[in-house]
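Asker: What follows is a single structure, and I will ask about it in a moment.
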Amino acid sequence: MNLKRILLAFLYTFLILDAVLIYQWVNVNQPLSDPGSTQSVKKEMQMDGINYGQLKNQPISGAYVAGDQDSQLKDKRKQLSNDWRTTESENSIVATPKQQMHLGNNQKEAVQNLEKMIKDPSQVIDGKEYQYDDFLTDFGQEAVTKNAEGYTIIFSQIAESANNQRVFTSQRGRIQFNLDEGFNLKNYTQNHISNVESLRSISALITEEDALINAYQYNEIPNNSIVQASRLSYSTLTVVRGDVIFIPIWSFVVKDSANDVTIVRINALNGTLAR
């Protein structure tokens, strides 16, 4: 057994043990397990003018997920047709169409055409492993409103296809399509995670309701704000010798009274703030 396999074996053993301890901690110490306390805090939020809509509180499960940052994209780009000019940057590739590629007259049409394009292996490498990410497209740091530079549309790689198509929120597993103001494709940048696998299933994650309440109790939800959107996805926990470990997180888009928008992230394993 080589050194890498030994290190990975120790890492996975540690994570499995850590997952068990977290599961036990969550069951024993999960905040606001008392329905009365939950209702009390929700009333406080309403009195503070926080509008959050309907929150889900059904039991959900998740897992640690591991994968490798795919360094072979530069070799795989040979699969693309001659319609593309490609360059590489670290573990990413940038593909630029040699001729103008019009994607429609609005964002909806552009997304529909991109959804067809990524299924064609001569246009996008392993494109079937990605799906349109409306959350990041509309609210992520890359979100761009109509201006001189155009639009950004994000497709994220699927992390758990068996669990409502949860995706990686990390740039490590993402395709970013850059369009001009006329919805013509300027280029796209692709990152890919290979060898994706669940390390250990966790029998219970905190619910959307508990995650938002935790965010409020951490003073991350200001008074008179609106929670515009939320989702459960996978974010980077750590990187060990090229192997990336991801954890499930809840993300909430919060718009305050000054119309400033932030994304608050809560660790879905233990309810703490995630950065």
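The values are calculated or read from the model by the stated rules, or taken from the named source; none is laboratory data. Computed from a prediction, not measured in an experiment: that's the story for all the values here. Please note: Cβ atoms are built from the backbone with ideal geometry, for glycine as well, and neighbour counts cover all protein chains shown. Ligands, DNA and RNA are stripped out before the accessible areas are found, and what is left, the full protein with its side chains, is counted by its heavy atoms. Shrake-Rupley method; radii C 1.70, N 1.55, O 1.52, S 1.80 Å.
Asker: Once a ≥ b ≥ c are taken as the square roots of the eigenvalues of the Cα gyration tensor of the range 59-212, is the result rounded (a/c under 1.5), prolate (a/b larger than b/c) or oblate (a/b not larger than b/c)?
Answerer: Taking the square roots of the gyration eigenvalues as a ≥ b ≥ c, the range 59-212 is oblate.
Asker: Please label the shape of the range 123-275 as rounded, prolate or oblate, based on the square roots a ≥ b ≥ c of the eigenvalues of the alpha-carbon gyration tensor (a/c under 1.5 means rounded; beyond that, a/b larger than b/c means prolate, else oblate).
Answerer: Since a/c reaches 1.5 but b/c is at least a/b, the shape of the range 123-275 is classed as oblate.
Asker: Report the extension gain between LYS116 and THR272 in nm, rounded to one decimal, defined as 0.36 nm multiplied by the number of residues separating them, less their alpha carbon distance.
Answerer: Full extension of this stretch gives 52.3 nm more.
Asker: Which order do you get for ARG77, ARG200, ARG275 if you rank them by accessible area with a 1.4 Å probe, largest at the top?
Answerer: Reading off the accessible areas and sorting them downward yields ARG275, ARG200, ARG77.
Asker: Taking the Cα centre of each part, how many Å lie between the range 175-189 and the range 63-89?
Answerer: The range 175-189 and the range 63-89 have Cα centres spaced 18 Å from each other.
Asker: Expressed in nm to one decimal, what extension gain is obtained for the pair ASN259 and HIS102 from 0.36 nm per residue of sequence separation less their Cα-Cα distance?
Answerer: Length gained, ASN259 through HIS102: 53.2 nm.
Asker: What FRET efficiency comes out for GLU149 versus ALA229 if R0 is 22 angstrom and r is the Cβ-Cβ distance? Round to the nearest 0.05.
Answerer: After rounding to 0.05, the efficiency reads 0.40.
Asker: Same structure, new question: What distance in nm lies between label points placed 7 Å from Cα along the C-beta direction at GLN39 and SER89?
Answerer: 5.4 nm
Asker: Counting only protein heavy atoms and a 1.4 Å probe, tell me what percentage of the range 146-275's accessible area is made up of carbon and sulfur.
Answerer: Heavy-atom surface of the range 146-275 belonging to carbon and sulfur, 1.4 Å probe: 40 percent.
Asker: Whole number in Å², please: accessible area per residue of the range 123-275, 1.4 Å probe, ligands, DNA and RNA not counted.
Answerer: Ligands and nucleic acids excluded, the result is 41 Å² per residue.
Asker: I've got another one for you. Past 26 Å, Cα to Cα, is the threshold; run LYS74/LYS116; LYS128/LYS255; LYS108/LYS128; LYS74/LYS128; LYS98/LYS128; LYS76/LYS108 against it and keep the listed order.
Answerer: Where the Cα-Cα span goes over 26 Å, the pairs concerned are LYS128/LYS255; LYS76/LYS108.
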